[in-house]
1. Out of the residues in segment B:50-71 that are hydroxyl-bearing (Ser, Thr, Tyr) and within 12 Å of chain C (Cβ to nearest Cβ), state the one that is farthest from B:Ile254 (Cα to Cα).
2. Within segment C:259-279, which residues are charged (D, E, K, R), assigned to a helix (DSSP H, G or I) and touching a residue at least 24 places away in the same chain (Cβ under 8 Å)?
3. Criterion first (under 20 Å from A:Ser63 (Cα atoms), open to solvent by less than 50 Å² (accessible area, probe 1.4 Å), in the same structural domain as A:Thr255 (by TED's automatic domain parsing) and touching a Leu at 6+ places or on another chain (Cβ under 9 Å)) does A:Ile319 satisfy it?
4. Could you list, in sequence order, the residues of segment A:174-201 that are within 15 Å of A:Asp84 (Cβ to Cβ) and open to solvent by 40 Å² or more (accessible area, probe 1.4 Å)?
5. Need at least 2 residues that are open to solvent by 40 Å² or more (accessible area, probe 1.4 Å) per element, so show me which helices (runs of 4 or more DSSP H) inside segment C:127-216 make the cut, counting only ones lying wholly within it.
6. Output the residues belonging to segment C:203-234 that are closer than 24 Å to B:Ser269 by Cα, of a type in the set (A, V, I, L, M, F, W, C) and touching a residue at least 60 places away in the same chain (Cβ under 8 Å).
7. Return the pair list, or none, for Cβ contacts closer than 8 Å from residues in segment C:136-148 that are within 17 Å of C:Ile181 (Cα to Cα) to residues that are of a type in the set (Gly, Ala, Ser) and open to solvent by less than 90 Å² (accessible area, probe 1.4 Å), at least 6 apart or on different chains.
8. Name the residue that is modelled with the lowest pLDDT, counting only residues in segment C:278-305 that are in contact with a Pro (Cβ under 8 Å, 6 or more places away or on another chain) and within 12 Å of chain B (Cβ to nearest Cβ).
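The values are calculated or read from the model by the stated rules, or taken from the named source; none is laboratory data. All values derive from a computational prediction rather than experimental measurement. Positions of Cβ are backbone-derived with ideal geometry, glycine not excepted, and every protein chain shown enters the neighbour counts. When the accessible area is computed, the model is the full protein with side chains, heavy atoms only, and any ligands, DNA or RNA have been set aside. Shrake-Rupley method; radii C 1.70, N 1.55, O 1.52, S 1.80 Å.
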Amino acid sequence: MSDTTTSAPAPRPKKVQDRIDRLRAQYSTGGDRRRQRAEQLYSASQWQLMRAKFGKHKLAMVSLYLLILFYVVAILADFIAPYDPQERSRQHIFAPPSAIHFFAPDGGFVGPYVFDSRTRVNPKTFKYDLIVADNADMNPVVLFPKTDPYLLMGVIPMSVKLFGTTSRQPVFLLGADNLGRDLFSRIVHASRVSLFVGFGGVLISFVLGVALGGISGYVGGKVDVIIQRTIELVMSVPQIPLWMALAAAIPAEWTGIQTYFAITLVLSLVGWTGLARVVRGRILSMREEDYVMAARISSASSWSIITRHLIPGFTSYLIVHITIAIPFMILGETTLSFLGIGIRAPDVSWGSLLQQAQDVVVLSNYVWLLWPAAFVVAAVVLFNFIGDGLRDAADPYAK
Amino acid sequence: MSGQASDDNAILRVEQVSKQFVSRSGIGARNAPVIRAVDNVSLHINAGETLAVVGESGSGKSTLGRSIVRAIDPSQGAVQLKLDTGEWVDLARLSERQLRQLRRHFHMIFQDPYSSLDPRMTVFDIIAEPLIYNERVSRAEARRRVIEVLELVGLGERHLNHYPHAFSGGQRQRIGIARSLICKPRLIVCDEAVSALDVSVQAQILNLLKDLQQRFGLAFMFIAHDIAVVEFIAHRIAVMYVGRMVELGETRAIIDRPLHPYTEALLSSVPMTDPTRERSGKRLSGEIASPINPPSGCHFHPRCPYATERCKAEIPQWRELEPGRFVACHFAAELRLAGMIQSHTPHHELHK
Amino acid sequence: MTPSASLKSTEPRLKVEGLKTYFFLDHGILKAVDGVDFHVGEAESVGIIGESGCGKSITAQSMLQLVRGRGQIVAGHAVLRRKQGEMVDILSLDPDSAEMRSVRGDDASIIFQEPMTSFSPVHTIGFQIGEMLRLHTKLSEAQIRERVIAMLGRVGISNPEVRIDEYPHQLSGGMRQRAMIAMALICHPQIVIADEPTTALDVTIQAQILDLMRDLQDELGMSIVYITHNMAVVAENVSRVYVMYLGRVVETTTTERLFKDPKHPYTQKLLRSIPHPGRPVERLEVIEGSVPSAVDPPRRCGFFTRCPSAMAGVCDAAIPALTKVDDEHWARCFLLSDEKEAEDEWSSL
């Protein structure tokens, strides 16, 4: 500026220059669209900001769609599962996942079909082997095959399923279990219990957590100390024995529905503590905000401060926390059922399906019995991804 | 104590107010140290007047301001507010419920324009909040009143449904000012109301506060640390040090002829905007004492260049040395202290 | 104050040209620093002043390649004369390279505004200050300790032998800032960037710290770049001032001249809008409005929206260039010169 003797311009390092070039290319178009979006956000409420920020989290969005698919499948289980979860087939004990063929043995395309097949104990290994005759019939797998009438979600009368075969030979997407029951149908039906136990459980722990955490944070003093010590007490008890003790108290003669609710209750009685701490922490920090003091100076009562400022202030955090709490509930139910003290036959959950996979010998021969675990893992992981995205979006004002 | 000739015009009298905090270190700590954040402070504020309270961080000036609007409860002393009827009520003695009947008479402007507005509420909801709790008004009436104050502070109807994140720091501060004005209070405590703002925006807000004062006869308690700002806006200045009031008087008098060595030191540290003028060479050594364990006698004695044995032993009396001129220093009458250097070439004329 | 420093004909210690640091946000490009030129001479102090959002802090961070995340220095040079005398363009170094780290520790260092967040709470201040020596020299532990104690004493910390083993939270704000200065100076850098060094401090402490920095400069002879929003604070410490607005330097001259005879309308208005101690006025002059957003700014004078002398069709048609308006005095305004700023490949973005 003062003197113009410029030293020879040294080049930037290659990786830096590459980044600059990439950014310039990326931003040389679409400026108007970006500006427009910025202006919309200007008069957007917190929820709109959150949604916009969440929408940018690709992994969370994909997870959200996948999880919605899970729940749709669970709700429409009767329609999507080709068979009743209790339907047995003597010929197909421990049948492996059906091989679905598309081309006829002579090479022509005929659409999906399965061969007639059955399983039989191998007298040498005592293992069920799949037997397919050389000239076995081809059974086409079709969409919307006619079935016996049933009620979808208990109300809509239906007589078709999503897919299946039209003959007596069933199609086992994920194999069959020790009684020749279709594992896929069982998993789909089990997802009802497993996915919704999370909601029920979280709802109850939500009420407990918000109420006790809120009181603890807002009232403070002795009440706070008592509630905090209670939380520490509950938290310090080892979880699995506590669950087992509580679950063992469920009378054996209770029906499936009753057991289900009892399990939900058990899980939430243990699960509220984390939420209570989150709520208390948020309230303690928000109470110090100037706008809360401003409200008090404006004659706001405690009730108004709680309802107008504090609750809206931590709702977003609650949603995040709940999203992360649900998979814990799912895992809890799976654990209990796996141990045989949760959902009992004839009701099925992912955990109770996994009970069959407890035996190493069985498992080594029929690996597909582990499929329910894959669904548990998938559901838990999806929830955590969503929770991750929500956490980033929860405070749109944080820089 | 603050008894003064021009007291008749007062709308607020703070009488020997103290605020102690117990620094809690675990449950059942018996000998928890007591922090005397505000220690026996007395002052009054006249109608339509700005009283600035200056001091460094830790001087207790914010705690004093908050005690006055009862954002926190003072431990001892009286905060007397004069009502329209002419009778005095002691805010410090009222219950929260009784207080709510009177809260519309005073409000507060905060330092941080970001944390003082609830990010989840629209401008309308933020400004209307005091109105909703203090007066029974219809929504239409509330809307009319909110627009009225919005325009007073330089914003407008178009901003009603915006959220705080759409505004700059200066605009947010205007929203905060509008909220404090909506119930037509008599007294507003401004807690460092401009110190978080950019210099060019500071001037806008300072002018706005001055205009509002002239228009509505508002009294301000202006808590600040920037002497240049205080000199512009305040009629009188009170100086605090470690919870105690050390000096109080007319702005000009304090700035030209301080009576307390701390005031002198404070004035000499003010950065000069004109590099041709040197600051008076006096620099304060050390840092403000901790209110947990303040020095004996006069709290200022460890840093005071004029301190004697007496200052270590004896707490100086808060006395009226001249009419309207209060000071707490044993040697206030003897010391000849330097005020802020006056400029002989006013900047504005130079430029015009 | 050493006005002669600016007249020295020696080559500058650091010379920054055409610095552009952009932040690539979802809703557009935030042009935080958009073509900044400045230089600091040997043992000179200069000030970069401006309101929040003018890009002064990003300028400081860019000089040491500390810009992270969505920010990227997209253009410019920052030629530093290193201790041994060789010239290096800092911006041509890989930000994570060993050479860049050695520049940061050995030749240049930065003092931050908030000392509490710049220190790690889990190590003693002595350890953290010594860390610089551990990384950049081959001194023994005993020698390091000795140097740290000497430096702590030098920055006015009483009882340095005791304080060296204390943790940051045990120090008061002023003491922490002194420790921060000790950390910045421990390797005897040739240039120190002080980013709002006193903003978080009380006035009486502020004055102490500024005095200290002036003394240290006289003694150690380093160059200092003060970054500040309050020019009064550093007026006594700097010989030249760069005034920034919306990512650009709008005016630069000696401190004295700037206060006496500002040329740019922004500087003029800004100086009049500050309450000047000892010069009471009834009303302050104000600059209407607020600083516009630096996201995708239109190609016009940045001050156009607030300028009382703005000329429609001129000031909003192009960006004025920083031109010489007087001895040692440059300003960027069409009232003073018709010269326009040249465009580059980023101008249209």
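1. Restricting attention to segment B:50-71, the residues satisfying the condition of being hydroxyl-bearing (Ser, Thr, Tyr) are B:50, B:57, B:59, B:62-63, B:67.
Next cut, within 12 Å of chain C (Cβ to nearest Cβ) only: B:57, B:59.
On the way: B:Ser57: 20, B:Ser59: 18 Å.
Among them, the one singled out is B:Ser57.
2. Selection gives C:Lys269 alone.
3. On the way: under 20 Å from A:Ser63 (Cα atoms): yes; open to solvent by less than 50 Å² (accessible area, probe 1.4 Å): no; in the same structural domain as A:Thr255 (by TED's automatic domain parsing): yes; touching a Leu at 6+ places or on another chain (Cβ under 9 Å): yes.
The answer is no for A:Ile319.
4. A:Leu179, A:Arg192
5. Working: elements: C:141-154, C:160-163, C:173-185.
Where helices (runs of 4 or more DSSP H) fall fully within segment C:127-216 and carry at least 2 residues being open to solvent by 40 Å² or more (accessible area, probe 1.4 Å), they are C:141-154, C:160-163.
6. Of all residues in segment C:203-234, those closer than 24 Å to B:Ser269 by Cα come to C:203-219, C:224-234.
Checking the rest, the ones that are also of a type in the set (A, V, I, L, M, F, W, C) come to C:203, C:205, C:207, C:209-210, C:212-213, C:216, C:224-225, C:227, C:231-234.
Passing the criteria: C:Leu216, C:Ile224, C:Val225, C:Ile227, C:Met231, C:Val234.
7. C:Ile144/C:Gly130; C:Arg145/C:Gly126; C:Arg145/C:Gly130; C:Arg147/C:Gly130; C:Val148/C:Gly126; C:Val148/C:Gly130; C:Val148/C:Ala182
8. First, the residues of segment C:278-305 that are in contact with a Pro (Cβ under 8 Å, 6 or more places away or on another chain): C:279, C:281, C:284, C:301-303, C:305.
When the remaining residues are screened for being within 12 Å of chain B (Cβ to nearest Cβ), the result is C:279, C:281, C:284, C:303.
Values: C:Arg279: 73, C:Val281: 81, C:Leu284: 85, C:Phe303: 92.
Here the residue is C:Arg279.
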